[in-house]
1. Need the full-extension length gain, residue 67 to residue 223, defined as separation in residues times 0.36 nm minus the C-alpha distance. One decimal, nm.
2. If the limit is 32 Å between Cα atoms, which of 94/139; 92/188; 72/188; 6/251; 62/251; 92/161 go over it?
3. Helix-only mean residue ellipticity at 222 nm, the chain, DSSP H runs n ≥ 4 weighted -39,500 (n - 2.57), per residue, nearest 500. What is it?
4. With all pairs of different alpha carbon atoms counted, what Kirkwood hydrodynamic radius in Å does the range 81-121 show?
5. Have a look at 73, 38, 260 and tell me which one the Gaussian network model of the chain (Cα, springs below 10 Å) gives the largest fluctuation.
6. Under a crude label model (7 Å from the Cα following the beta-carbon direction), how far is residue 208 from residue 264 in nanometres?
7. What's the longest uninterrupted piece of the chain once you rule out the chymotrypsin sites (Phe, Trp or Tyr not before Pro) that are loop residues per DSSP with at most 10 other Cβ within 10 Å?
8. Could you give the alpha-carbon Rg of the range 48-154 over 2.2 N^0.38 Å, rounded to two decimals?
Amino acid sequence: MNHLDKLEARSVHIIREAYSEFGNLCMLWSIGKDSTVLLWLARKAFFGHVPFPLVHIDTSYKIPEMIEYRDKLALEYNLDMVYGKNIKILEKGKTFPNGKCSRIECCQMLKSEALRNTLSGDWVRYRMNHKKGEYEPDKSTEPYTGAIVGVRADEEGSRSKERYFSPRDKNNDWDVGDQPPEFWNQYKTDFAPGTHVRIHPLLDWTEVDVWEYIGRENIPTVSLYYNQGEGLRYRSLGCEPCTNPIHSEAKNVEEIIEELKSGRLKNIAERSGREQDKEDGGGLEELRKDGYM
């Protein structure tokens, strides 16, 4: 087995382990490259079928191509696609793009708070009706006890403190200092009732690993990652008002890998185009303690 084979095998094992241990499981899909690789691995783990819902938190400020890509793949792969949002805050217009709060406050309300209440079932969820090709209010309000997430340790500082099976309390709050040890590929999956667990099958993958796997498997990814002729592309995707592209001539997966391995981006953080990271002091630990992905 080569390096990618080993990463794939471990991730598939963790996904299957999560499915066997948690009664009401979901997978968070941000539409970015990492969570799309995670989706691909889940389809491999269950022979083309994903046996749990994919949950997306829609801030209403995502780049339009991201939402189009989400729904296209949901229909093509026959995914149980669900999204949630903070309707009250959006109706009040209390967001950063409207000048009513800071970027961090906006993230807390449109992402962390929306995620927490979508996972708990306290707020309305919208589920894809495949016959109509549109979303409808979801009748199910059962909380998700586990969420599979495409977090990588090398992407950002607070993520390196995660475990493969990382517990949160009933409010999705994360105690960074209270993480179970994971030695010799032994994972703790028996948590106290009321514990919400985040599962991280990509924890040991690097940015290069992700792109090499995308290239090997020919995984479809949103076009925003590639230079469309203007010398710009996105390296990390988020809300349009807070995400900036980088200068790059890379037009395909092979050129992105070459660019990453050349060292040109060596001293530039992967999330350097995400403005909320800068406002949070260069890290996302406080947001992540409050439930941020």
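The values are calculated or read from the model by the stated rules, or taken from the named source; none is laboratory data. Predicted model, so just to flag it, every value in this text is computed and none were measured. Note: ideal-geometry Cβ built from the backbone for every residue, glycine included; neighbour counts use all protein chains shown. In case anyone asks, the SASA skips ligands and DNA or RNA and just uses the protein heavy atoms, side chains included. Shrake-Rupley method; radii C 1.70, N 1.55, O 1.52, S 1.80 Å.
1. Numbers: separation 156, 0.36 × 156 = 56.16 nm, distance 1.20 nm.
Extra length from residue 67 to residue 223 when fully extended: 55.0 nm.
2. 92/188; 72/188; 92/161
3. The helix-only estimate for the chain comes to -9000 deg cm²/dmol at 222 nm.
4. The answer is 10.4 Å.
5. Greatest mean-square fluctuation among the candidates belongs to 260.
6. Those two pseudo-labels are separated by 1.6 nm.
7. 48-182
8. Rounded to two decimals, the normalised Rg is 1.12.
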